[in-house]
Amino acid sequence: MTSREIRQSFLEFFKSKQHEIVRSAPVIPAEDPTLLFTNAGMNQFKDVFLGTGKRNYKRAADTQKCIRASGKHNDLEDVGRDTYHHTFFEMLGNWSFGDYYKEEAIGWAWELLTSVWKLPKDRLYATIFESDDEAFEIWKNFTDINPDHIQRHGKKDNFWEMGETGPCGPCTEIHIDLTPDKSGAKLVNVGSPQVIEIWNLVFIQYNRNAQGELEPLPEKHVDTGMGFERVTAVLQGKTSNYDSDIFKPIFDKLAELTDVSYTASLEKDTDIALRVVADHIRTLSFAIADGATPSNEGRGYVLRRILRRAVRYARTLGQTSPMLYKLVSTLADSMGDVFPELIERQSVIEQVIRAEEENFLQTLDRGIQIFNEVAAKVKAENHSMITGSDVFKLYDTYGFPMDLTRLMAQEIGLSIDEAGFENLMKEQKERARKDRKQKMAQGESGEAKWMKLSSGKDSVFKGYTSLSEKAKIRFAKKTDDKLFLILDKTPFYAESGGQVGDTGMIESGNLTLHVGDVQKDGERIVHIVNRISEVGGKEIEISELDFSMLSKDVTAKVDGTARLHTARNHTATHLLHAALRKVLGEHVQQKGSLVTPERLRFDFSHFEKTTDAQLAEIEELVNDQIRSAQKVIKHDGVPFEEAKRMGALAFFGDKYGDVVRVLEIPNFSIEFCGGTHLDNVGQIGLFKIVSESSIASGIRRIEAVTGKAAEALFRKEFAELQSLKRLLNAQSEDEIPAKIEKLLEERKALEKQLEKLRAELAASQLDSLLNQATEIGGAKILATEVSASSADELRLMGEALRGKMKSGVSLLASVIDGKVSLVASVSDDLIASKKLQAGKLIGDVAKVVQGGGGGRAQLATAGGKDASKLPEAIALFKSLAQNGLNG
């Protein structure tokens, strides 16, 4: 079977078993900041396993895009050097959410592998957790596997846990023996390429609590994962994943570009390089297609490391100019039917990769030169380790990630001081960790526990059509300064998709609970109360609140004015996105946004500064739409695939279900969006761009205001313009630029005149100063304090004095703003005959005034803190000069 047929047969098999075939989640897990990348099929169902989310189906199957290049799951260093490691791979999986369990999961896995795919049964092994007798009996009695091929293993291999706490359970893995004589029984679970795991079936039946104890879950789940590349290689009779038809199109394109053909050798440098490049272009393309961008922090840094590693290996293939981006079209052709985002965003992927290649290639040659110099020095000193500071220099100055330097060091028999490098990188890593910090309601509420106040459904959102709802409090918890509430239904919008949470109040009996923020905790909407007052106005400390004081029946009221301002900015964001794509091109994609009542911020992909003319055109397009006063059409309950067929654009960072909401502004914009919006674009009133800037390579940011905020900005700028007009005595605003330019020119002319006068004054001073000089053997010595307005003026005086002294040594000193400034000079003849140097002399003198400095032999400058020591410093200079002249 071809890889396409294998993937399709897997999905069709589970569809026949009444599984919902779901689409792959993005490789960028927007709603899970604990992960840099989606690294397993179960990631998109994590909320179900944690009990905070639910789906409208009990069985699911998919092929999931995964990246493992960071953290615990990091295969980067092994890629290229063996037959089966990848940073990007597909994971075929099937799931049961409280539905079927071990018997069906094991039976169907065996059926697919042996009856559908016809894998030889005598080459298959099943491993189970050492105490899982239930799984052993199912394998033995419900399949025809050889009982001797069922092996028990310990927790390390056959017990799966999501983390230190949370859902967990035993697993059974299916391995295939690829040894020629079927002698691989002892190679199971030892990491041998001759006996490899092809499918892992996890049975989630426990929860590990904070004390480390296992508690039975109320519902048992199944979570399975099978490496698509591995099973394809097995089914196609290949000993390496890279020999399957998955990678052939990329290798063919690489051969065309480099004149280097793939020969499947594990030792040949060019074959290692080809495998690395083929793997890395997949990782980069899928990550960029899903909204990531190479940068110096977080997942962006991981991508930059991968790209630069690929560029370095491309050198092995003789490539010294950008080449990786040329592989994107091949990948889109071979995988775009399954993952259409590769086709839809092909031009963006190509542009990002090419820009990154060009940037790195500018410093690569110099970086290699520096590396070679460092390595030569290490070897010359009979050492074997490159210091952390040198590794950091290569990273910080030349963009060499640590693993690239390690790779180059290993190639010549050296190691690197990773600990030293990590210490120097600590500040950057701290920033990256902060960026990934979870901003969820449960995080802000510490270890407080939810108290159930009533039973029934919760968190039904009514805010699209209502700003006030009668509701019941379902759950409550509090810290010293915050109260957290979950209602049965609510008009409050929880922060999502760049739109901030609503503010307002919840009336509970005689109490008013002031809601300062609303966040999501899984599927739940959490109202965060930061202040409580009684009807008479008396404030109540949240720490003193007893839940019995709360009425279960409440009225939830959103601040309508703030909601309206937010809606103005959110609808304007959609207009801005559409205008950007019309003016700059359809490569523009949203990369982030912030929508508040006061302003909007929109991050987008673009590879150069947006010009003033383009910004004016964008602004005009948006305001033209506002004046058109079109109705905003909100399509609710649209199936995801139908929404895509409608042409709806997805916003980066949002997570979409199978049924979505689509916002349409006819003939201008259509996008997925679950936020709150206006009914008519005319309600925006006015749109004004405040700034445009770069926030990362290939990412621009526009900040803007609408409505009354835009009016206030115009009034402020108009008032400032009128003030300038009065100050400049201009007859009209058009005269202001010319008048300011004239003022600047006049100032420049006056500064030149002042500089000339100072030089003339200094020259007149110098003649009298020279009369104070002493003379030894025809050479003059002058050391004295003078008046100067700046260090620059003092230096000019020193240069002029040196020109007047045919043979001599001088020191001019001045106290400027309480600090000592020094300038020393030595004539050329004394430099040659007496070996006197201004830099050496002034260095010794500056120490007296608690300072330092240096410079050339002819002229040197210095500074110091202690003006009281200036006479002592002048005396020292005279003494040093006399000693030098006397030989």
- prompt: Among Asn296, Leu885, Ile525, which residue has its Cα positioned farthest towards the positive end of the charge dipole of the chain, with +1 placed on the Cβ of Lys and Arg, -1 on the Cβ of Asp and Glu, and the dipole taken about the Cα centre?
  reply: Leu885
query: Any idea what angle helix 248-258 forms with the longest principal axis of the chain, computed on alpha-carbon atoms, 0 to 90 degrees, nearest 10?
result: 30 degrees
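Find, among the trypsin sites (Lys or Arg not before Pro) in segment 328-419, those assigned to loop by DSSP (not H, G, I, E, B) with at most 11 other beta-carbon atoms within 10 angstrom.
Numbers: sites: Arg345, Arg354, Arg366, Lys377, Lys379, Lys393, Arg406; in loops: Arg345.
Those that pass, being in a loop and sparsely packed, number zero.
Using the Cα centre as the reference, give the magnitude of the dipole from point charges on the C-beta atoms of the chain (Lys, Arg: +1; Asp, Glu: -1; all else neutral), rounded to the nearest 20 debye.
Numbers: 117 positive and 131 negative charges, 332 e Å.
Magnitude of the dipole: close to 1600 debye.
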field: Cβ crowding within 10 Å averaged over residues, with 15-28, 299-312 ranked highest first
entry: 299-312, 15-28
field: Karplus-derived HN-Hα couplings along segment 201-209 (A = 6.51, B = -1.76, C = 1.60, θ = phi - 60°), whole Hz, x at Gly and Pro
entry: 10, 9, 10, 8, 10, 10, 10, 8, 7
statement: Taking a probe of 1.4 Å and leaving out DNA, RNA and ligands, segment 273-394 shows per residue an accessible area in Å² of 35 Å²
statement: Of the accessible area of the chain, computed with a 1.4 Å probe and all protein chains kept, carbon and sulfur make up a percent value of 48 percent
- prompt: In terms of the ratio Rg/(2.2 N^0.38 Å) built on C-alpha atoms, what value belongs to segment 732-871?
  reply: 1.30
message: If packing is taken as the average count of other Cβ atoms within 10 Å, what order do 677-686, 785-794 fall into, highest mean first?
response: 677-686, 785-794
task: Quick one: which residues, 5+ away or cross-chain, put their amide H under 5 Å from the amide H of Val632? H built at 1.01 Å from N.
output: Asn680, Val681
- prompt: What ³J(HN,Hα) values, in whole Hz, does the Karplus curve 6.51 cos²θ - 1.76 cosθ + 1.60 give for segment 415-421 when θ = phi - 60°, with x put for Gly and Pro?
  reply: 10, 10, 7, 5, 5, x, 4
- prompt: If you count, for each residue, the other Cβ atoms within 10 Å and average over each peptide, how do 450-461, 729-740, 664-675 line up from highest to lowest?
  reply: 664-675, 450-461, 729-740
field: Amide H contacts under 5 Å for Gln151, placed H, 5+ residues apart
entry: Ala126, Thr127, Ile128
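Explain nothing, just the number: relative contact order of segment 493-574, from Cα pairs under 8 Å at least 6 residues apart, as a whole percent. Write down the numbers at each step before the final one.
Details: 130 pairs, mean separation 24.4, N = 82.
In percent, rounded to a whole number, it is 30.
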statement: For segment 216-224, Karplus-derived ³J(HN,Hα) couplings (6.51, -1.76, 1.60; θ = phi - 60°; whole Hz; x for glycine and proline) come out as x, 7, x, 10, 9, 10, 10, 9, 10
statement: Labelled set (i) 62, 43, 28; (ii) 48, 33, 28; (iii) 67, 39, 22; semi-axes √(5λ) of the Cα gyration tensor in Å computed from this model equals the value at (i)
query: Cα atoms only, segment 460-502: Rg and Dmax in Å?
result: 11.6, 34
- prompt: With every protein chain left in place, what is the accessible area per residue of segment 129-190 in square angstrom, probe 1.4 Å?
  reply: 52 Å²
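As a test of the formula, what do you get for the chain when each DSSP H run with n ≥ 4 contributes -39,500 (n - 2.57) and the sum is divided by the residue count, at 222 nm and rounded to the nearest 500 deg cm²/dmol? Walk me through the numbers on the way to the answer.
Values: 26 runs with 340 residues, N = 887.
The helix contribution divided over the chain gives -12000 deg cm²/dmol.
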field: Entries of Lys65/Lys644; Lys156/Lys326; Lys748/Lys819; Lys15/Lys46 with Cα pairs more than 31 Å apart
entry: Lys156/Lys326
message: For a quick check: with amide H placed at 1.01 Å from N, whose amide H comes under 5 Å from Lys472's, ignoring anything fewer than 5 positions away on the same chain?
response: Asp488, Lys489, Val554
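The values are calculated or read from the model by the stated rules, or taken from the named source; none is laboratory data. Given the structure is predicted, the values throughout are model-derived calculations rather than measurements. Every residue, glycine among them, receives a Cβ derived from its backbone with ideal geometry; neighbour counts consider all protein chains shown. Ligands, DNA and RNA are excluded from the accessible area calculation, which covers all protein heavy atoms including side chains. Shrake-Rupley method; radii C 1.70, N 1.55, O 1.52, S 1.80 Å.
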